[in-house]
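Peer 1: Take a look at this one; I'll ask things after.
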Ligand code: FES
């Protein structure tokens, strides 16, 4: 059962500085424009707007997904919002220009990002990731500040060998 004609999920995920995310790419302004446009067109009882966490397309944000159809829009700007609201929510025609049309490509992008963010590296398979994670290795550190003789030379060195986790 769908209580609204359309339910729009807008990603407003914020990530650390330098990491691509919808917030850094203007999701807040898109959200504001969307809420305003929905109200201006009197669609507030037909279109429910909800923020959500990452949809997995962070490099291409701001992203939003519309149900019940499951239509994904990427790279949305505030200037695009009137077109989406008028075309999709009022006239029932997709704003084709911004729609992600290939579900296989969409899925692959999301799954790749999910894998990379879970600790994998681009191009790795899950098996590669396991090998890299559990490969035995050691780290060596020198702690000279604890050496009372460090001002006169490296007469003693503290060497610690520990497995890297
Ligand atoms: S931060 Fe929006 S899709 Fe990932």
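Peer 1: Please compute the length gained on full extension between residue 69 and residue 108, using 0.36 nm multiplied by the number of residues separating them and subtracting their Cα-Cα distance.
Peer 2: On the way: separation 39, 0.36 × 39 = 14.04 nm, distance 1.96 nm.
Result for the pair: 12.1 nm of gain on full extension.
Peer 1: Let me ask you something else. Which residues among region 33-57 fall inside the zone where the amide N is under 18 Å from a point 7 Å beyond the Cα of residue 93, along Cα→Cβ?
Peer 2: Taking a point 7 Å out along Cα→Cβ of residue 93, no residue of region 33-57 has its backbone N under 18 Å.
Peer 1: Taking R0 as 45 Å, what FRET efficiency do you get between residue 45 and residue 17 from their Cβ-Cβ distance, rounded to the nearest 0.05? Can you show the working numbers first?
Peer 2: On the way: r = 39 Å, r/R0 = 0.87.
Taking R0 as 45 Å, the efficiency between residue 45 and residue 17 is 0.70.
Peer 1: Order these by the 10 Å Cβ neighbour count, fewest first: 49, 76, 105. Spell out each step's value before the answer.
Peer 2: Values: 49 19, 76 27, 105 10.
With the sparsest Cβ surroundings first, the list reads 105, 49, 76.
Rule-based calculations on the coordinates, nothing more; no lab input. Here the structure is a predicted model, which means the values were calculated and not measured. Note: ideal-geometry Cβ built from the backbone for every residue, glycine included; neighbour counts use all protein chains shown.
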